[in-house]
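Below: one structure, written as structure tokens.
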Amino acid sequence: MALYRNGSFVTDDPWRILGADEPVPPAGPVALPKARFLAEREALVGRNAPLGVVIEAGEGLDGLEDDIHRLSLIVLTFPKYTDGRSYSTARILRERFSYRGELRATGNVLRDQLRFMVRCGFDALEIVHEGTIAALKEGRIKLVSLHYQPASRDEDIPPIAGGRPWRRSSAGLL
Amino acid sequence: MYRYDEFDRQFVAERVEEFRDQVARRLSGELTEDEFRPLRLMNGVYLQLHAYMLRIAIPYGTLNGRKLRRLAHIARRYDRGFGHFTTRQNLQFNWIRLEDVPDILAELAEVEMHAIQTSGNCIRNVSADHFAGAAADEVADPRVYAEILRQWSSLHPEFTFLPRKFKIAVVASPADRAAIQVHDIGLQVKRNEAGELGFAVWVGGGLGRTPMIGRKVRDFLPEAELLSYCEAILRVYNLHGRRDNKYKARLKILVHEAGVDEIARDIEAEYEAIRARGALAMPQEEIARIRAYFAPPAFAQLPARSSVFEAAKADSRSFALFAERNVAPHKVPGYGIVTISLKAIGAPPGDATAEQMELVADLAERYSFDEVRVSHEQNLVLPHVRLDDIPAVHAALAEANLATPNAGLVTDIIACPGLDYCALANARSIPVAQRIARRFADIERQKQIGDLKIKISGCINACGHHHVGHIGILGVDRKGEEFYQITLGGSGDETCSIGEIVGKGFSSEEVVDAVETIIETYLGLRQGPEETFLAVFRRVGEAPFREALYADA
Ligand code: SF4
């Protein structure tokens, strides 16, 4: 497993992603499943360390609305790469809730989907697939870089000359 | 016609290279067939019974001579010399080698074509009225909006892994020639009382195993809001559509299970949120820029009546028949819309040979401002032909077996590829269509029967749209034998209805007789030649037909 964040692989991920009943360590950044986060919210908020939540595809944001601004990591899952729900959740977080923390994709994160994920606002990708890791390292990823529609990271990239709405190249985003 | 600029060209070129890389990884074994499958499906490549099939997008069914000639070339060079036009206004090649697909896509890119999103669980190629720009009853050219939707939906980052495929159709007249009410989103361009353009919006239509007619969620959506509203519909569907069962995954099931009121509320809430951000509001200049591509050609000022045309009708019976059935009124006096039937008696519906494509390309360039359309009824259309020229066009078509005067008649049958090609089929479709066409080959008898749409699907996926056939035929498997279930009274136009199953199925031997029995029953029931099959069915219901069909049973 490797974590690709903002254009390169990182080895010093400070986050601990906890399961449903792993104890919360006294210090350091932790991310918890959504249900557990909501249940233990009071204690967690008082902990004085960065907080994160793991949201399964299909769980949605209900109940989290008031906490999004205090989160530093949101992990969205792709149980199968054909399950596209987390793309929508990502855009809602970025565009509607103006979430600016780390947005991490995990699960079935494959090379042919990377650009879509980045455009929907993910800035961190947890990659298991060896071929994808190797291809990213070696710069062998061939994906369409041009796009016709606005999405979540458009403020990061300049419009294409000619002034046509929405047309961008997101070549630099991966 | 829309023309690519540098951006469009580079976009398609990058897509070709992306797919070339994917094919190379598949051929080298780096990708398993399982991993490759969704990638090839994103690009219209299916694995069929005998070979790979490549489905090429023909956005809203609009072609020109150059594109059609390139399709002919691909048919000859990479396939067996013919192609198959589909009910989604696309073209399929059924005998393709996977290794060749990247080169085929590169050849298509040269003429501004591609195969993006012709399959897969994404927003499919947007379809539109095949008479767009020519029909007398349209308020605007629907292709302007179809093109705007095409661009917005191309490799959309959020909507590429939907629960299931997603189809959008656009018309701009009260008469629905694109079956919009059986699409996930159906759009009718209209004007409000203030004269502004906008859309009536239907959602949740679809055929397949559970046919449903779309529900109207907006009577008038302002023009500039089109993309914001569609994005809202798609997002609600992407988040809430069922993913546990692929047969229940279409938007129609969500609308049905949650209820149209709840879905409409969700859509409106999402729409308000998207609109508040403002990112997708369509600038007027952009609409105008796209509209300019579809500006009417330089029509001549002609008298409404053409003496050449009238003389040819008086002269030749075959031309008179053609003029009656295959020439529709044009909005400009002195012009006609010519339907080129791909339903010659005994030919596979929708197939065209390379030579036929080239001939149509020539005729389009010479007589129709270089425009050709593909209809969802699997015919071709020359949209803008001078009445004066139609006799010459007819003569040229007749030479190539393309002048069958059967548009809208009983032999103008829609049929899916069926068991001759399709891995999912229960039964053959094409041979049934061919046998029905032979049975009713006599054109006088066809004319006597009048408007009648027969539609045939080889399995419950309903690619042949049998649910909306006046007579629908569905192939089923009965203990390993091909059987055919008949539905009556379906219609895909503005009076959209789903056909009713009339009774137990018929064997392959019996099915043509059954169709004939239905038609004879209709002829006996009608109050006059103006009363169409559909009108009679709606008046009397299915009982008399059932009695006639199962009298001896
Ligand atoms: S209706 Fe069935 S048999 Fe016909 S093309 Fe579609 S999937 Fe194949």
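We did not get these values from a lab; they are worked out from the coordinates using the rules stated. Keep in mind that this is a model prediction, so the values were computed, not measured. Neighbour counts are summed over all protein chains in view; Cβ atoms, including those assigned to glycine, are modelled from backbone coordinates with ideal geometry.
At q = 0.10, 0.13, 0.15, 0.17 Å⁻¹ the log10 of I(q)/I(0) for segment B:294-449 amounts to -0.37, -0.61, -0.79, -0.98, computed by Debye summation with a single uniform scatterer per C-alpha, solvent ignored.
Its alpha carbons considered, segment B:134-293 gives a radius of gyration followed by a Dmax of 15.2, 46 Å. Normalised by residue count, segment B:307-399 yields a Cα convex hull volume of 94 Å³ per residue.
Any idea how far the Cα center of segment A:128-174 sits from the one of segment B:120-178, in Å? After rounding, the separation between the Cα centres reads 26 Å. Sequence-distant contacts, meaning Cα pairs under 8 Å at least 6 residues apart, place the relative contact order of chain A at 18 percent. Between amide H atoms placed 1.01 Å from N, distances below 5 Å from B:VAL217 occur with B:VAL201, B:TRP202, B:VAL203, all of them 5 or more places distant or on a separate chain.
Tell me, what is the FRET efficiency for B:LYS479 and B:TYR550 to the nearest 0.05, using R0 = 22 angstrom and their Cβ-Cβ distance as r?
Efficiency, from the Cβ-Cβ distance: 0.60.
Among B:LYS216/B:LYS252; B:LYS343/B:LYS447; B:LYS167/B:LYS504; A:LYS80/B:LYS248, which pairs are too far apart, with a Cα-Cα distance over 22 Å? Cα-Cα > 22 Å for B:LYS167/B:LYS504; rest within. No disulfide-compatible partner, judged by a Cβ distance under 4.7 Å, exists for the following cysteines of the protein assembly as shown: A:CYS120, B:CYS122, B:CYS230, B:CYS422, B:CYS459, B:CYS496.
Computed on segment B:134-293, with alpha-carbon pairs under 8 angstrom and 6+ residues apart, the relative contact order is 20 percent. The average projected area of segment A:1-143, computed from the convex hull of its Cα atoms over all directions, is 8.4 nm².
Look at the stretch B:206-217: the mean tally of other chain Cβ atoms within 10 Å of its residues' Cβ atoms is 0. Placing R0 at 25 angstrom, the Cβ-Cβ distance between B:LYS447 and B:LEU302 gives a FRET efficiency of 0.30 after rounding to 0.05. Helical runs assigned H by DSSP (4 residues or longer) give chain B a calculated mean residue ellipticity at 222 nm of -12000 deg cm²/dmol, each run adding -39500 (n - 2.57) before division by the residue total. Defining a contact as two alpha carbons under 8 Å apart and six or more residues distant in sequence, what relative contact order in percent does chain B show? Answer for chain B is 12 percent. What net charge do the residues around B:ARG215 carry, taking every other residue with its C-beta under 10 Å from that of B:ARG215, with Lys and Arg at +1 and Asp and Glu at -1? Charge balance in the 10 Å sphere: +1.
Where both bridge residues fall in the protein assembly as shown, DSSP classifies roughly 65% of the beta bridges as antiparallel. Working from label points 7 Å from Cα in the Cα-to-Cβ sense, the A:LYS137 to A:LEU38 distance is 4.1 nm. Length, then width, then depth: along the principal axes, the Cα atoms of segment B:4-51 run 37, 23, 15 Å.
The value obtained for chain B, namely the Cα convex hull volume divided by the number of residues, is 158 Å³ per residue. The antiparallel fraction among DSSP beta bridges confined to segment A:1-147 stands at about 30%.
Return the inverse of the average 1/r over all pairs of distinct C-alpha atoms in segment B:414-549, which is the Kirkwood hydrodynamic radius, in Å to one decimal. One decimal place: 14.8 Å for the Kirkwood radius.
Can you tell me which aspartates and glutamates have their Cα less than 16 Å from the Cα of A:LYS137? Leave out same-chain residues fewer than eight positions away. The reachable aspartates and glutamates, counting only those whose Cα sits under 16 Å from A:LYS137, are A:ASP112, A:GLU126. At 20 °C and 1.002 mPa s, grab the translational diffusion coefficient of the protein assembly as shown from Stokes-Einstein with a Kirkwood Rh over Cα pairs, rounded to a whole number in µm² per second. D = 79 µm²/s. Taken along its principal axes, the alpha carbon cloud of segment B:54-161 reaches lengths of 44, 35, 23 Å, longest axis first.
Dividing the alpha-carbon radius of gyration of segment B:6-109 by the rule-of-thumb value 2.2 N^0.38 Å gives 1.06.
A cut-off under 13 angstrom between Cβ atoms defines the neighbours of A:ARG168, and their net charge, with Lys, Arg +1 and Asp, Glu -1, is +2.
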